[in-house]
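Here's the structure we're looking at; comments come further down.
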Amino acid sequence: MASANAWVGQSIKRKEDRRLLVGDGQYLPDIVLPRMVVMGLVRSIYAHAKITAIDTTQATALPGVRTALTGADVKHLGPVLSDMSTPNLPGETKRPLFWPLSIDEVKYVGDPLAVVVARDKYTLEDALELVDVEYDPLDIVLDPERALQPDAPRLYPDWGDNVLYHQHIPAGDPDAAFAQADLVVKERFRCHRTGGQPMETRGCLAMYNPGEGLTLWLTTQRPHIKRHLLAEYLNLPHSQMRVIMPKDMGGAFGTKAPLYREELLACHLAMKLRRPVKWVENRQESLMNVGQGRDQIHELELAVKKDGTILGLRDRILADCGDARTAIYVGFAMPFLGAMYLINGYDIPNVDIDLTCVVTNKACLTPSRAFGSFAGRFALDRAVELAARALEMDPVEIRLKNAIKTFPHVSAVGVHVDSGDFPGSFAKTCAALDYDNFRKEQSEAWQNGRYLGVGFSMGVEISGVPSEVLVPMERQPGFGVATVQFDAHGKVQVAEGDSPHGQGHETTIAQVVAGELGLSPEDIYVTYGDTHSGPFAAGTIGSRGASYTLSAAVLAARALRPKMANIAAHLLHIEAGEDDFVFRDGHAILTRDESQRVPIARIAEVALLSPTELPPGMEAGLEHTSHFEAETAGMHSCNVHAAQVEVFPDTGEYKIVRYVAVDDAGQPINPMVVRGQIHGGVAMGIGNACMEEFIYDENGQQLTTTLLDYHIPSSLDLPHIETIEHNVPSPHTPLGSKGKGEGTPGMVPAAVANALEDALQPLGVKITELPLTPERIWKLIQAAKEKE
Amino acid sequence: MYPKAIENYFAPTDVAEVLTLLQQHGEQAKLLAGGQSLMPLMKLRLAEPQTIIDLNQVAALDDIREENGRLHIGALARHADVAAHPLILHSYPLLAAAARNIGDPQIRNRGTIAGSLVHADPSADYPPAVMALDGQLVVARADGGTRTVWLDDFLAGPLMSDIGEDELVTRIEIPVPPAHSGGAYAKRSQVAGDFAIISVAAHIALDPSGVCQQARIVVGGVMPKPGRAEQAASLLQGKTLDATLLAQAGEAAAEEVETEDDVRASAAYRRQLIRVTVPEVVRQAGVRAGE
């Protein structure tokens, strides 16, 4: 029985915010245990070198130092990657062989080669300086195209080349499509190295005793997945391995989804020393090791008819995966999914995608919000813009012509898109921009020497990943799971297996469960993060909160209603079942006579405190666990973004005058939370597209290891972000809700680049590379002027 | 990101005591004012002082007042105080603008003017601004004497300044600007609050008819220290500041100030930003001078 849920669609204030705003958040570094010691890493100062000697004697002699280990001391633990921690993707995969500490050879600046444990952080840093390492530098390779050359330096000599992963994804008949084309757009697009950089860096705290085993507090998006991989690696029975994500985590953006070498070391050391071992990454380490994503070259061709119909696509993608020594994603899972999502919201029937992932002497790519698809979406939406310009077609018209029109839709490469409405989204976008008038304003501005432009991007955003896809790819389930459990006082605990860290689950799950049970969100408390108290789930990844996890909570709440009705009927001494009651205002109310009602708190009391009052034969307790699996191979939301800019050609500086995001959340549970996800996603997208870049010098030294050099925008650097809802409920979730969060940054680079290029039409500038720094724009303008 | 152990920490309450401590501890000691450069350097272990002499308890080192035709700014005046001081906002708006451009609110609440000048980062906001105002530093010495030094001479190079181990900058002095004069400051940076790609400070004095009597233009964000655009300034002398002249000044400044490549920008782009920014800033300074 799907009754209207009274709390759905309400922008109530977030339950999380009070503790966060007043400083009551509980983060990993806040946890202190008796006898705790701290861990730190000695990291390579060379991008590629043989380690000829490591001497830890001076470090271990320092008072307060407990131990120091090198690669040789951890070799017995075995290689990090197993079948379980390596993606199982179609195509040719090679597996880097490595240990928690590098042995004999380092492969990037920041590569951990020794670990030190001390009583406090000051002593620890003194000791780290005392570890003496001798290196014999080797040739390095930093450029992915250079990495492909036969004489390039090799990261893994036994591979025979530097190719980590290769896959060819053909669909339809691309050769025929190109033969029939009136126009072929061919361009090379380059997306730089950028990604996520959470406010809170990585960290963990490991505690071991032989009775209970190992407990690891960990900044992670996926406590359950980490648990089973850690148990496997450490050779512990699953019953002896517990992972806890602390109550609060200062963001992740994908960077806390992989399994990292440092976590394995902390666990090993806690077992070895029989002391709690804590590791908190510093900002330099974070910028040196995680959040580095994107970094792709696309050589993309579109086959287009005169009327703008895109017949086919060819793309040769080259992804620079860095050293590829990070478990679960191994640097190539992101480019793989990016390739699968390349054609995205466009209906392109004939496709030939060739993806090559190479290793270089840089940090391994880590997941970053918009998982793998940031670079490809830039390339495709830029190529479509170039096609429109060549055909003198309006950029909206060409997109509408090629957008997915009928749902459900299965893309040429097999991505299932359940629902959406691109024409409706474009209509709202154009109305918000006053698009027709803008074109007039733009021509007038050009005549007056001002450069105004508008750019669009469109795309589908992942809304959770179903088991059907996730099981073969990552050997993990995609279902959402939640346990809804009444306590004896009529309040409800919802335990989820994911680990929210900014997504607002405590609020939105409370809203839907309250609505299903006739309670108020204040009556609901959501718990998460501890593998020993929450159900097994894949974690907070891929926009699965509002699609999968929340849907499981809805189903679990609904599953309680028959029993609640039976208890109410028994207490009212009447014959009635679930259909005879509504649950509203904290009561089970008999629909045929609303004066007949039982407080829900009374029902819970009977079920738990006073079971002697239960109907004869009924089991005590009032709880249910649901596993939600959508009956489809993929759910998505369809979104359109537009940027309006003014460019100042003397300097290449520009102002994003307006940023309009028309997003589909299916059925927003809390529209304010949805807007927050979009604001954050656009901000990250603008930072990534316009300002941020991980820069390596010719020796492989990273030059952007402080936030002074890695330029994350603040509110002062961002435009007002206009969010407009255009919701098409998903037919596959109980409330029609869709996930929101993962995809948004991917919408930004093409929207802004298209707008800049549009503004500069009189100067004939073509933008093919990111980031969109003013200097890059200025140089393009200079080059265009020289051509004239 | 944790500093090396410090052996001595002192919190003197007057200048004489600071100087005595400097004499005793000399090269092993670092002065802690706002800590906005020193603390990060210590956390990165690029600075490892044995002794910290904390200036924050020293009385009357943060005064801002005009005296004998000169503006005195105490060494410990915080950026936020300089940015909001009525006297500075009214008569030295370019200095207020420079202070307002530094970092973020937390940095401006702690950081001090003398700390920034002694640190001598070529891309910092204060150095070009204080140079454009012909500012001097008053330095107290352990022997009881004081010396006064032009900021131009005090800045020796990137992160290098002319300060002895037993010396303390006690205040900045700036001549009270003449009637019909005005200044302006602008910075171009990659994100708000960042160090400059380039910055420009200009101070212009006009005669009553609007003809430029004197111009000072200083460009920051260049190596080894902010550079005076002398030729650009001399172009303005005796002329009315019209658009053509301003553009010429921008060209001249771009030609005469040396620029270099770094992670933030290329030398060529810096030249272009100087070319564009000098006219904007001089124009604004001229408007203020005429008000």
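The values are calculated or read from the model by the stated rules, or taken from the named source; none is laboratory data. Everything numeric here is computed off the predicted structure, so don't read it as measured data. Here the Cβ positions follow ideal geometry from the backbone for every residue, glycine too, while neighbour counts run over all protein chains shown. For accessibility, only protein heavy atoms count, side chains too; no ligands or nucleic acids. Shrake-Rupley method; radii C 1.70, N 1.55, O 1.52, S 1.80 Å.
Just the number: Rg to Rh for the stretch B:8-57, Cα atoms, Kirkwood Rh, two decimals.
Details: Rg = 10.6 Å, Rh = 11.0 Å.
Rg divided by Rh gives 0.97.
Rounded to the nearest 0.05, what FRET efficiency is calculated for A:Asp650 and B:Thr20 with R0 set to 56 Å and r the Cβ-Cβ distance?
That gives a FRET efficiency of 0.55.
Hey, got the average number of other protein chain Cβ atoms within 10 angstrom for residues in B:3-11? Each step should come with its number before you reach the end.
Values: counts 2, 4, 3, 0, 0, 0, 0, 0, 0.
What the average comes to for B:3-11 is 1.
Could you tell me the total accessible area buried at the A-B interface, probe 1.4 Å, in square angstrom to the nearest hundred?
Using a 1.4 Å probe, the pair buries roughly 2100 Å².
Check the straight Cα-Cα distances from A:Lys272 and name the lysines below 18 Å, setting aside those fewer than 8 residues away within the same chain.
A:Lys75
Could you give me the ³J(HN,Hα) list for the stretch A:523-536, computed from phi with Karplus coefficients 6.51, -1.76, 1.60 and θ = phi - 60°, whole Hz, x at Gly and Pro?
7, 10, 10, 9, 10, 6, x, 9, 5, 8, 9, x, x, 5
Which values of log₁₀ I(q)/I(0), to two decimal places, follow from the Debye formula for chain A at q = 0.05 Å⁻¹ with a uniform point scatterer at every Cα?
Result of the Debye calculation: -0.28.
How many partner chain Cβ atoms sit within 10 Å of a residue's Cβ in peptide B:269-277, on average, as a whole number?
Counting Cβ atoms of other protein chains within 10 Å of each residue's Cβ and averaging gives 4.
Over what distance in Å are the Cα centres of the stretch A:376-394 and the stretch A:347-372 separated?
The stretch A:376-394 and the stretch A:347-372 have Cα centres separated by 21 Å.
Simple spin-label model, 7 Å along Cα-to-Cβ: A:Thr625 to A:Thr591 in nm?
Taking the simple label geometry, A:Thr625 and A:Thr591 are separated by 3.2 nm.
Take every residue in peptide B:191-198, count the Cβ atoms of other chains within 10 Å of its Cβ, and give the average of those counts.
Working: counts 12, 7, 4, 7, 2, 0, 2, 0.
Other-chain Cβ atoms within 10 Å of each residue's Cβ, averaged: 4.
In the stretch A:700-737, which residues give up 50 Å² or more of accessible area once the other protein chains are added, compared with their chain alone (1.4 Å probe)?
Listed in order, they are A:Leu708, A:His711.
Could you give the accessible area per residue of the stretch B:8-57, probe 1.4 Å, as a whole number in Å²?
49 Å²
What order, most packed first, do the peptides B:87-99, A:541-553, A:583-595 have when packing is the mean number of other Cβ atoms within 10 Å of each residue?
A:541-553, B:87-99, A:583-595
Determine the relative contact order of the stretch B:143-217: mean sequence separation of Cα pairs under 8 Å and six or more apart, normalised by residue count, in whole percent.
Dividing the mean separation by the residue count of the stretch B:143-217 yields 18 percent.
Running Debye on the stretch A:248-348 with equal point scatterers at the Cα sites and no solvent, what base-10 log of I(q)/I(0) appears at q = 0.15, 0.17 Å⁻¹?
Reported log10 I(q)/I(0), two decimals: -0.79, -0.91.
Just to confirm a number: summing +1 for Lys and Arg and -1 for Asp and Glu over residues other than A:Asn670 whose beta-carbon lies under 10 angstrom from that of A:Asn670, what do you get?
Details: positive: A:Lys13, A:Arg14, A:Arg675; negative: none.
For residues surrounding A:Asn670, the net value is +3.
Past 18 Å, Cα to Cα, is the threshold; run A:Lys491/A:Lys563; A:Lys15/A:Lys256; A:Lys186/A:Lys655; A:Lys278/B:Lys43; A:Lys107/B:Lys43 against it and keep the listed order. Intermediate values should be presented prior to the final figure.
Working: A:Lys491/A:Lys563 16 Å; A:Lys15/A:Lys256 23 Å; A:Lys186/A:Lys655 29 Å; A:Lys278/B:Lys43 20 Å; A:Lys107/B:Lys43 27 Å.
Too far apart for the 18 Å limit: A:Lys15/A:Lys256; A:Lys186/A:Lys655; A:Lys278/B:Lys43; A:Lys107/B:Lys43.
For chain B, what is the convex hull (Cα atoms) projected area averaged across all directions, in square nanometres?
14.6 nm²
So how do B:257-267, A:730-740 stack up, highest first, on mean other-Cβ count within 10 Å?
Ranked by mean Cβ neighbours within 10 Å, highest first: A:730-740, B:257-267.
Cα gyration tensor of the stretch B:53-167, axes a ≥ b ≥ c as square roots of the eigenvalues: rounded (a/c below 1.5), prolate (a/b > b/c) or oblate?
Because its axes are fairly even, with a/c under 1.5, the stretch B:53-167 counts as rounded.
What's the angle, to the nearest 10 degrees (0 to 90), between helix B:15-25's Cα axis and the longest principal axis of chain B?
70 degrees
Taking the highest mean first, how do the peptides A:744-754, A:143-153, A:416-426, A:761-771 order by number of other beta carbon atoms within 10 angstrom per residue? Walk me through the numbers on the way to the answer.
Working: A:744-754: 30.3, A:143-153: 14.7, A:416-426: 21.6, A:761-771: 18.4.
Ranking, from highest mean packing down: A:744-754, A:416-426, A:761-771, A:143-153.
With a Förster radius of 41 Å, plug the Cβ-Cβ distance of A:His573 and A:Thr527 into 1/(1 + (r/R0)^6) and report the FRET value to the nearest 0.05.
FRET efficiency, A:His573 to A:Thr527: 0.70.
Checking understanding here: applying a Kyte-Doolittle mean of at least -0.5 and a length along the axis of at least 27 Å (C-alpha), which whole DSSP H helices in chain A pass?
Membrane-span-like by this rule: A:550-572.
Find the Rg to Rh ratio for the stretch B:181-290, where Rh is the Kirkwood radius over alpha-carbon pairs and Rg uses the same atoms.
Details: Rg = 13.4 Å, Rh = 13.6 Å.
So for the stretch B:181-290, dividing Rg by the Kirkwood Rh gives 0.98.
How much accessible area per residue does the stretch A:479-628 have, in Å², with a 1.4 Å probe? Show your work: numbers first, answer last.
Working: 5200 Å² over 150 residues.
On a per-residue basis, the stretch A:479-628 sits at 35 Å².
Over 5 Å intervals from 0, what percent of Cα-Cα pairs in the stretch A:380-534 sits in each interval?
2, 7, 11, 12, 12, 10, 10, 10, 9, 7, 5, 3, 1, 0, 0
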